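Take a look at the structure below.
The values are calculated or read from the model by the stated rules, or taken from the named source; none is laboratory data. All values reported here derive from a predicted model rather than from experimental measurement. Here the Cβ positions follow ideal geometry from the backbone for every residue, glycine too, while neighbour counts run over all protein chains shown.
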Amino acid sequence: MKREEIDRLLARLSSGELTPAEREALYNAALDDQTLFEEIFAEQALAEALSDRTIRDEFLSAEQARDREATAAAKADRRRIPWWGWAVPAAVAASTIIGVILLREPAREAQVAQKPAQQPIEVAQSQPRKTAPESASAPAPQPVGPAKHIAVAEETANAIAAPTVKGEVAELMQKKSEPVLMARRDEAKSLDLKDQAVPPRANEEPPAPPTPESAPKPAAPRAVGAGVGATQTAGRSAEAESRPAQVAEFRAAAPVRQMEAREASDAAVRKEAVTPARAKTVAAERDEALALRSSAGLQAQDATGNWQDVPSGGRVARDAKLRVKVIAHEQGSWTLVGKDGRSVQLAANETAYLDLPSSTPGLNSVDLTFRPGSQAVMRLRSATAGGRLGRVRISFTIE
Amino acid sequence: MAASETILAKLRERIVAFAASRIGRPEAEDVAQETLLVLHEKYREVDSIEDLVPLSMRIVRFKMAALWRKSARHGDAAAVQAEDAGLRSDADPERELIVKQQRRLLLEALEELGERCREILKMKLAGLGFEQIRVRLGVESLNTVYVWDLRCRRQLIERLKSQWERPQ
């Protein structure tokens, strides 16, 4: 008899399933095999022990208790939240908080950058042009009011100083080609710097050609590149008196800020010319956001010891003491780019002054950077993404 | 008759070999002789091999247990009677104590079995056959259940063998 057959018969013997023929065969084999005899001896003893009713009852009751415990434990396991059940939500919450902290400032910049598109931008307008007497029959060009508010789209904001003829603006809007925009921007800058009169609008009749007598008088002297007429300046001054001092400071620095924003925009567009449209948009957003968040202007000390504002590109005396007046309209850090690298952390609507070395040969511009946010946020940014940075250049000439 | 004698002769040979390895040759001869005597005197009508072999094994087990008890009691040279061997349940305090001890050991051994062994044993005690056990366990082959059951029984036998072969 094979071993497998013996094992099968022994198993069936223990469960009482052997037929009489199988039992006879097994016992016959056991009489000839001492090992099998002893195996059957043990199997029989075990079967006899297990046949004890007391043993069977105790074993089955113990098994039922064990089953109940296992069921209760399984239910408890299902109710109990595993450790990763807590860890996963905690990790998600932590990631969300960190993400919000990191993205809060850039998101705010984006929001602020979108605002100027709907916000009116003050545009420099020329003084009323005087026409010749013989052309009195012709309708004299209406003097442009002080500081018109024109809602300008984002893309045209950079070329806002260009002649604001509707046709040209429309052309700018339609073409949107970078070379044209760049040319318009350069033209706008030159026109603004020269403080030329704004041509009449497209729906206005062109003025009569000027005669020598009726040649336009030179415009009233004003700061080069100020971008705002004298009328506007007077109006603003009166307005500033009625407003808080911080608003007045912001207003006073607006011309400088606009000039610097345009220059920075041009530089950024030229530098990031790989994708011109994208670079132009990014530069415009950054500069507009920076202009709303902060402003910086150069000041020089005159002979009387008072500090006077110096417009960008203006002239300063050789020995005059120079400083940069920086205003943060929200919490941020102004840094003077250079060897010193001085930096000042400002709270919202706070003003500070950064002194400049007046005797530095060849010094004709000052670069500053503004980084919005608290110091903690800036440290976090420097450890991660680096954050966004606004850069301002103030140019001047030493006489 | 000749067939029955042949069976008894082989049976004696197996009993002597089995007992000799556990209690010594002379005592093994005595155990075998007393077993055959009980079969002859009390179970004369039993002559089929499927009845003779398990019955003789049971007698041998009790004879050996009685022999060990007698050896444990020094000075007691009383002969072991077949009636005292436990073939009939008598109200014997010593016997009851031994049975209780054996039950305790068996329950402990059952507790030490694995989950699957306990499950198989539970089904066997509930009267299920191997085919039903196979279905309950979700096993494809019946031989697998045989193998599992064989391992479980051997585990129990190894634990309880000393009780059967060398009772205290």
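Within segment B:16-38, the set of residues being among the aliphatic types (A, V, I, L, M) and within 18 Å of A:PHE37 (Cα to Cα) comprises B:VAL16, B:ALA17, B:ALA19, B:ALA20, B:ILE23, B:ALA28, B:VAL31, B:ALA32, B:LEU36.
Going through (1) in contact with a Leu (Cβ under 9 Å, 6 or more places away or on another chain); (2) of a type in the set (Lys, Arg); (3) more than 7 Å from every other protein chain (Cβ to nearest Cβ) one by one, A:ARG23 falls short only on (3).
The residues of segment A:310-338 that are part of a loop (DSSP other than H, G, I, E, B) and not hydroxyl-bearing (Ser, Thr, Tyr), listed by number, are A:PRO311, A:GLY313, A:ALA317, A:ARG318, A:ASP319, A:ALA320, A:LYS321, A:HIS329, A:GLU330, A:GLN331, A:VAL337, A:GLY338. Inspect all residues belonging to segment B:40-49 and state whether any of them is within 14 Å of chain A (Cβ to nearest Cβ) and buried (at least 17 other Cβ atoms within 10 Å of the Cβ). Yes - at least one qualifying residue is present in segment B:40-49. It is to be established whether one or more residues within segment A:70-83 are at the interface with chain B (Cβ under 10 Å from one of its Cβ atoms), in a helix (DSSP H, G or I) and not hydroxyl-bearing (Ser, Thr, Tyr). Checking segment A:70-83: at least one residue is at the interface with chain B (Cβ under 10 Å from one of its Cβ atoms), in a helix (DSSP H, G or I) and not hydroxyl-bearing (Ser, Thr, Tyr). Every condition in (1) at pLDDT 75 or above; (2) in a helix (DSSP H, G or I) is met by B:ARG44 except one, and the failing one is (2). Checking the stated criteria, B:ARG153 turns out to be touching a Ser or Thr at 6+ places or on another chain (Cβ under 9 Å), surrounded by 13 or more Cβ atoms within 10 Å (Cβ to Cβ) and modelled with pLDDT of 85 or more. Taking the conditions exactly as written (within 9 Å of another protein chain (Cβ to nearest Cβ) and exposed (fewer than 14 other Cβ atoms within 10 Å of the Cβ)), does B:GLU140 satisfy them or not? No; evaluated as a whole, the condition is false for this residue. Selection of segment A:306-338 for residues being modelled with pLDDT under 85, over 28 Å from the mean Cα position of the chain (by Cα) and among the charged types (D, E, K, R) yields A:ARG315, A:ARG318, A:ASP319, A:LYS321.
Out of all the residues in segment A:44-64, which are of a type outside the set (A, V, I, L, M) and within 7 Å of chain B (Cβ to nearest Cβ)?
Pass one, segment A:44-64, residues of a type outside the set (A, V, I, L, M): A:44, A:48, A:51-54, A:56-59, A:61, A:63-64.
A:GLN44, A:ASP52, A:THR54, A:ARG56, A:GLU58, A:PHE59, A:GLU63 - these are the residues of segment A:44-64 that are of a type outside the set (A, V, I, L, M) and within 7 Å of chain B (Cβ to nearest Cβ).
A:LEU36 falls short on exactly one of the conditions (1) within 7 Å of chain B (Cβ to nearest Cβ); (2) surrounded by 17 or more Cβ atoms within 10 Å (Cβ to Cβ), and that condition is (1). Where residues in segment A:295-340 are among the hydroxyl-bearing types (Ser, Thr, Tyr) and surrounded by 17 or more Cβ atoms within 10 Å (Cβ to Cβ), which of them is nearest to A:PRO357 (Cα to Cα)? Applying the filter and picking the extreme gives A:THR335. The residues of segment B:114-126 that are more than 10 Å from chain A (Cβ to nearest Cβ) and either aromatic (Phe, Trp, Tyr) or surrounded by fewer than 18 Cβ atoms within 10 Å (Cβ to Cβ) (or both), listed by number, are B:GLY114, B:ARG116.
Among the residues of segment B:10-30, are any more than 25 Å from B:VAL99 (Cβ to Cβ) and β-branched (Val, Ile, Thr)? Yes: segment B:10-30 contains one or more residues that are more than 25 Å from B:VAL99 (Cβ to Cβ) and β-branched (Val, Ile, Thr).
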